Amino acid sequence: MQDTTSALLRKLRERESGRACLEQGKVCPTLAHELRSLFNRAGLSASDWIAAAGISKSYGYQILRGERTPGRDLLLRTALLLKLSLEETQRLLAVGGCGALYPRLRRDAAVIFALNQHMTLLETEELLLSLPERSLYGEGT
């Protein structure tokens, strides 16, 4: 079970326990580790994710080996495919080094709405198209 943020902060204040946390990787999970964990929880294979996310096999496996960093839109597609909550999506974006969804931006607000309504990726794409807002399959994905 993961430590709470406040428990991690307490451990990091101490020299020995803080060093142990850093060495065990408890502080900053890699994006590749986070994705594999989410796939396992959802019962999704890497190849299923690659196909559903619309990316090449080589790019997908480079991401899962930690060799490449995906764009924000790919992480949002992943969140929708995995039916993540808004909180889980924000965490995925943070671990991926991407900006959080911001409700004052209409496109982000549409994605937040889609996540909260448990919409599929296709339904979310249709919503974005109807607004009109940029697709999640745009550049830099």
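The values are calculated or read from the model by the stated rules, or taken from the named source; none is laboratory data. For clarity, every value in this text was computed on a predicted model and none was experimentally measured. Here Cβ is always computed from backbone atoms with ideal geometry, including for glycine, and neighbour counts include all displayed protein chains. For the accessible areas, the whole protein counts, side chains as well, though only heavy atoms, and no ligand, DNA or RNA atoms are used. Shrake-Rupley method; radii C 1.70, N 1.55, O 1.52, S 1.80 Å.
So the check is Cβ under 8 Å with 6+ separation or different chains; which pairs have a first residue in the range 33-54 that's under 21 Å from Gly138 (Cα atoms) and a second one that's surrounded by fewer than 14 Cβ atoms within 10 Å (Cβ to Cβ)?
Ile50/Ser56; Ile50/Lys57
Within the set of pairs 6 or more residues apart or between chains, which connect a residue that is farther than 14 Å from Ala109 by Cβ inside the range 123-136 to a residue that is in a helix (DSSP H, G or I) and open to solvent by 60 Å² or more (accessible area, probe 1.4 Å) with Cβ atoms less than 9 Å apart?
Filtered contacts from the range 123-136: Ser135/Leu129.
Could you check His118 against (1) assigned to a loop (DSSP other than H, G, I, E, B); (2) within 16 Å of Asp73 (Cβ to Cβ) and say which number it fails?
(2)
Given the residues Arg107, Arg13, Arg19, which is the only one that is of a type in the set (Lys, Arg) and at pLDDT 95 or above? Explain how you work it out, then say what you get.
On the way: Arg13 fails: at pLDDT 95 or above; Arg19 fails: at pLDDT 95 or above.
Step by step, each of Arg107, Arg13, Arg19 is checked, and only Arg107 is of a type in the set (Lys, Arg) and at pLDDT 95 or above.
Report, by residue number, each residue of the range 29-46 that is assigned to a helix (DSSP H, G or I) and open to solvent by 50 Å² or more (accessible area, probe 1.4 Å).
His33, Arg36, Ser37, Asn40, Arg41, Ala42 - these are the residues of the range 29-46 that are assigned to a helix (DSSP H, G or I) and open to solvent by 50 Å² or more (accessible area, probe 1.4 Å).
Considering the range 96-122 alone, what residues qualify as being in contact (Cβ under 8 Å) with a residue 60 or more places away in the chain and either aliphatic (A, V, I, L, M) or open to solvent by less than 40 Å² (accessible area, probe 1.4 Å) (or both)?
First, pick out the residues of the range 96-122 that are in contact (Cβ under 8 Å) with a residue 60 or more places away in the chain: 96-97, 121.
Residues satisfying the conditions are Gly96, Leu121.
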